[in-house]
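Colleague: Sharing a structure, written as structure tokens. Questions coming.
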Amino acid sequence: MKINLSEAVASKTQRVDFDYTVDLSGEEIDLEHPFQAPVRLHGSLNVQGGINRLEAEIEAHVTRACARCLEPVEYDKRVPVSLILTRKVDSEELDDIIYVESDEVELDELLVPELILDMETVVLCREDCKGLCPKCGKNLNEGECGCDRRVIDPRLAKLQELLNKD
Ligand SMILES: [Zn+2]
Ligand SMILES: [Zn+2]
């Protein structure tokens, strides 16, 4: 959705409210498509006092795969966003200041990256997820598979060999 800064300044309330959804189902993060449901962007652009303040909240229903067992994990996520939009480049570089090139501000371009940046790097289905057996691939949360998963350190194996000789 586009917002025009000049029109916002000229408006009586000097603010533009927005509440809409975007389709981010094509967005790929770590080979996954986490946003299968529409993502809601809502908030307002307030232009009072010559400062363009964008206050928004992003609401997304996220579908990811557990990093250990690969089972689907679903959760709701809210990302608050607070940005100042400016067309001047003389103010000091600050994290929450975004330079815009024209009066036309594309909200998606400002807000969607905030959601992507806020995504968790690792998602687990549960804190103590046992993961998959590296030998047979069985989901160990569902029970033992019976594989011998002991990893033998090659240095210890050598020592064992020497000890066995005596
Ligand atoms: Zn898991
Ligand atoms: Zn196994």
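The rows are residues; the columns are (1) closer than 25 Å to R40 by Cβ; (2) part of a loop (DSSP other than H, G, I, E, B).
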| position | (1), (2) |
| --- | --- |
| T63 | yes, no |
| P80 | yes, no |
| I98 | yes, no |
| L115 | yes, no |
| C129 | no, yes |
| K135 | no, yes |
| G146 | no, yes |
| V151 | no, yes |
| R155 | no, no |
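Colleague: Whether any residue in region 98-105 is farther than 30 Å from K12 by Cα and among the aromatic types (F, W, Y) is what I want to check. Reasoning before the result, please.
Modeller: If we filter region 98-105 for residues that are farther than 30 Å from K12 by Cα, which is where we start, we get none.
No, because not a single residue in region 98-105 is farther than 30 Å from K12 by Cα and among the aromatic types (F, W, Y).
Colleague: If you don't mind, there's one more thing I want to ask. Failed condition for R126, given (1) within 16 Å of ligand 2 (Cβ to nearest atom); (2) modelled with pLDDT of 95 or more; (3) not aliphatic (A, V, I, L, M), with all others met?
Modeller: The failed condition is (1).
Colleague: Name every residue in region 105-138 that is away from ligand 1 (no atom under 16 Å from the Cβ) and among the acidic types (D, E), in order of residue number.
Modeller: Quick first cut of region 105-138, residues away from ligand 1 (no atom under 16 Å from the Cβ) only: 105-119, 135-136.
Scanning region 105-138 gives E106, D108, E109, E114, D118.
Colleague: Here's a follow-up. Which of the numbered conditions does S102 fail, given that it passes all the others? Conditions: (1) away from ligand 1 (no atom under 16 Å from the Cβ); (2) in contact with a Leu (Cβ under 7 Å, 6 or more places away or on another chain); (3) polar (S, T, N, Q).
Modeller: It fails just one condition, (2).
Colleague: Give the residues of region 16-57 that are farther than 17 Å from S82 by Cβ and among the hydroxyl-bearing types (S, T, Y), sorted by residue number.
Modeller: Within region 16-57, Y20, T21, S25 meet the criteria.
Colleague: Restricted to region 12-29, and to residues that are part of a loop (DSSP other than H, G, I, E, B) and without any contact (Cβ under 8 Å) to a residue 24 or more places away in the chain, which residue is least open to solvent (accessible area, probe 1.4 Å)?
Modeller: S25
Colleague: Could you please tell me which pairs satisfy a Cβ distance under 6 Å, a separation of 6+ or placement on different chains, a first residue in region 120-138 that is free of Cβ contacts under 8 Å to residues at least 24 places away in the same chain, and a second residue that is open to solvent by less than 90 Å² (accessible area, probe 1.4 Å) and more than 14 Å from ligand 1 (Cβ to nearest atom)?
Modeller: Going by the 6 Å Cβ cut-off, the qualifying pairs are C133/C145; C133/C147; K135/C147; C136/C145; C136/C147; K138/C145.
Colleague: Working only within region 56-88, note down all residues that are away from ligand 1 (no atom under 16 Å from the Cβ), farther than 16 Å from D118 by Cβ, open to solvent by 10 Å² or more (accessible area, probe 1.4 Å) and not β-branched (V, I, T).
Modeller: Listed by number, the residues that qualify are R87, K88.
Colleague: Something else about it: When you check I152 against the structure, is it closer than 30 Å to K77 by Cα and either away from ligand 1 (no atom under 15 Å from the Cβ) or open to solvent by less than 60 Å² (accessible area, probe 1.4 Å) (or both), yes or no? Talk me through it step by step, then tell me what you get.
Modeller: On the way: closer than 30 Å to K77 by Cα: no; either away from ligand 1 (no atom under 15 Å from the Cβ) or open to solvent by less than 60 Å² (accessible area, probe 1.4 Å) (or both): yes.
No.
Colleague: Being in a strand (DSSP E or B) and open to solvent by 40 Å² or more (accessible area, probe 1.4 Å) is the filter here; which residues of region 1-11 pass it?
Modeller: Pass one, region 1-11, residues in a strand (DSSP E or B): 2-4.
K2, the sole residue that qualifies.
The values are calculated or read from the model by the stated rules, or taken from the named source; none is laboratory data. On a predicted model such as this, the values are computed, not experimentally measured, just so you know. Cβ sites come from the backbone with ideal geometry, for glycine too, and all protein chains shown count toward neighbours. Side chains included, ligands, DNA and RNA excluded: accessible areas come from the protein's heavy atoms. Shrake-Rupley method; radii C 1.70, N 1.55, O 1.52, S 1.80 Å.
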